[in-house]
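To start, the structure under review is shown below, and the notes come after it.
We did not get these values from a lab; they are worked out from the coordinates using the rules stated. Quantities reported herein were computed from a predicted structural model and do not represent experimental measurements. Virtual Cβ from ideal backbone geometry, glycine too; neighbours counted across all protein chains shown.
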Amino acid sequence: MNRDCILSEGVLEKIMNGATIPYPVLQVLGSKKMVSNNIKDSERLRLLLSDGKYKINVAMFTVPANSQDALELYSVIKLIRYFSNVIRSKDKRDMRVLIILELELIYEGRTVGRTIGDPTTLTDNEFPTSQSSDSSNFAGSSITLYRRKNENGDLFGDTKTISPIASLNPFHNNWIIKARVINKTSIRHWCNSRGEGKLFSCDLVDRSGEIRCTAFKELADKFYECLNVDKVYYISRCLLQPINRQFCNLKHDFEMTTTPETQVEECLDDDLLIPKVNYNFTTLDKVAAMVGGTIVDVIAVCKSVSELQTFTSKSTNRDLKKKEVLLVDQSKTGICLTLWGMNAESFNHSDQPVVSLKNAKICEFRGNKTITPVMGSLLKVNPDIPDAYKLRKWFDLDGNQVEFNNVSAKTTIGNVPWMTFKEAQRYSQDHGDQGFYFQTYATILLIRVDRAVYKSCPTPECQKKVIDLENGMYRCEKCNREYPEFKYRFLVSMNVSDMSGSQWVTLFSAEAEKILAKTAQEIGEAMEHDQESVGKLFDEVQFKQFLFKIRAKMESYNDEQKLRMIVVSTSPITFEDHNAYLIKKIEELRG
DNA sequence: CCCCCCCC
């Protein structure tokens, strides 16, 4: 095969003069592992590359950790992402290099087996080494000369150029950035098979861009107090590594790690030109299409907020607090924001505010997407930014009336579809196995008083029914233990009816307590002494009407398929919503 | 070098 024509002949001269040529094809004529001071780094290569006409020996490439490809002699590669940049070498000489962020192996070296063409070496003199072509990207913004008296003969002692964050890369060592900390995590400990330690990270911005900086172990302690949110710092001598986009959506190809040589110095004359937060918002319709685990920035209106829910995790036995917020935006998409712990408790905004989230995680459960803040996320209510005002205006003008496509349908908030019991029974024939949610406006007809409460295991995380040994002890089969006491719990079976017919439904403690306005303990104790009063209490609830949100699922009992319906929430009916549903139904009937 | 972030 004649491969003489496959290289992008002459392209290196253009690239090394600042041009960006899409996907140049080059040949590897040599490679050498780079060694840098005190940083163990076997994956950085300095490459000798040829375009068939010219060759350069100043191409740098960080081999991705999972790369299977070997860049052996004579390989032919295609550059996917790259740029040329001026760096200062150890001998303080400026030189222009080609930095390759991503490449594709086209032909393995052994199949090519020779040098293509007769390339001549392009030397430094043939391409410019002034910073001008780089700085033009940041139009007179954060490239400033930082002059300072030499106080301690230290790093900032002589005249230095402040580098834009966007220009940082692993091949450029003598940089200083002037950046604002816009977000900082707390110190977190980890322990896994590879070891243990602690860390924190913070996000840094300047006018050119943003980057994450992480400090590990003793450096976490050293720098935690030195770096504070909203403050501006001069930072230098961190290690740059390719970004892991699974956990960081900052717009940068690299992230930084502090080293023992890292210098941090607060900039006391706070530079107002340095922005506060760089958002990169994704609209909710796009969020819905992304895979679980992705980190995104979103801005949306809180259409509704659930009650605080508290429960115990079955897998970890931990007590959890949760609140669900329905987020909507102009893409007519609704998505559930799940808040946990402190975030859930402190979120008390029922006035439909705008919220912005930086670095929130997309979660996926049975195909339904939700969003949740994670370590390193930044949640703001009514942020003072143009996007927030735009959204506010849209929602107040017409967003309120829009019907949203809720992509977190299987949560207790948002658009749970209306169905009558009869419709739900029919729907369950095809969809009952995986379960579904619906809502209906129904009347309580009958509560089974005798079995409304049961004696449960006193261990909070168990809840299993105990056996009364009738000697003052109660046995839990699940815990395989006997206890001197038990705890009453609700398991209420109720017959309710809507316009289509009646249905037996189950209520657990939270909802039963709401309807009966008594705790399971109170009812249980009353049952022991005064069954009549309990009967009366249940009579009072009879014929009361609620909007029932129900989870329906086909379950098998002794080889028999049975449709089980669990009430997940009861609330007073809003006739506005119910009427809108009825009108829609009537219009459907009229065709 | 973390990357867990909880529930159905």
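Only DSSP H runs of four or more residues enter the estimate; each adds -39500 (n - 2.57), and after division by the residues of chain A the mean residue ellipticity at 222 nm equals -4500 deg cm²/dmol.
The residues A:SER428, A:SER533, A:SER556, when put in order of fewest to most other Cβ atoms within 10 Å, stand as A:SER556, A:SER533, A:SER428. Spatial offset of segment A:213-275 relative to segment A:507-583 amounts to 54 Å, using the alpha carbon center of each. Each of A:ARG114, A:ARG392 has some number of other Cβ atoms within 10 Å of its Cβ, and from fewest to most they run A:ARG114, A:ARG392. Sorted ascending by nearby beta carbons within 10 Å, beginning with the fewest, A:HIS529, A:HIS349 become A:HIS529, A:HIS349. DSSP finds beta bridges in chain A, and of those with both partners inside it, around 90 percent are antiparallel.
Cα axis of helix A:386-397 to longest principal axis of chain A: angle in degrees, 0 to 90, nearest 10? Helix A:386-397 sits at roughly 30 degrees to that axis. Here the Karplus relation 6.51 cos²θ - 1.76 cosθ + 1.60, evaluated at θ = phi - 60°, turns the backbone of segment A:44-53 into coupling constants of 9, 10, 9, 10, 9, 10, 10, 9, x, 10 Hz, with x for every Gly and Pro.
Here is the link list: A:LYS369/A:LYS487; A:LYS303/A:LYS585; A:LYS178/A:LYS358; A:LYS369/A:LYS455; A:LYS369/A:LYS478. Which ones come out longer than 26 Å on Cα distance? From the list (A:LYS369/A:LYS487; A:LYS303/A:LYS585; A:LYS178/A:LYS358; A:LYS369/A:LYS455; A:LYS369/A:LYS478), the Cα-Cα distance tops 26 Å for A:LYS369/A:LYS487; A:LYS369/A:LYS455; A:LYS369/A:LYS478.
With 24 Å as the limit, the listed pairs A:LYS184/A:LYS251; A:LYS322/A:LYS536; A:LYS332/A:LYS380; A:LYS14/A:LYS55 have A:LYS322/A:LYS536 beyond it between alpha carbons. Helix A:575-589 sits at what angle to the longest principal axis of chain A, using alpha carbons and giving 0 to 90 degrees rounded to 10? Taking Cα atoms only, the helix is inclined about 90 degrees. Between A:THR283, A:PRO164, A:GLY591, whose Cα lies farthest towards the positive end of the dipole of chain A when Lys and Arg beta carbons carry +1 and Asp and Glu beta carbons carry -1, centred on the Cα centre? With unit charges placed on the Cβ atoms, the residue in question is A:PRO164. For chain A, the fraction of alpha-carbon pairs lying more than 35 Å apart is 57 percent, rounded to a whole number.
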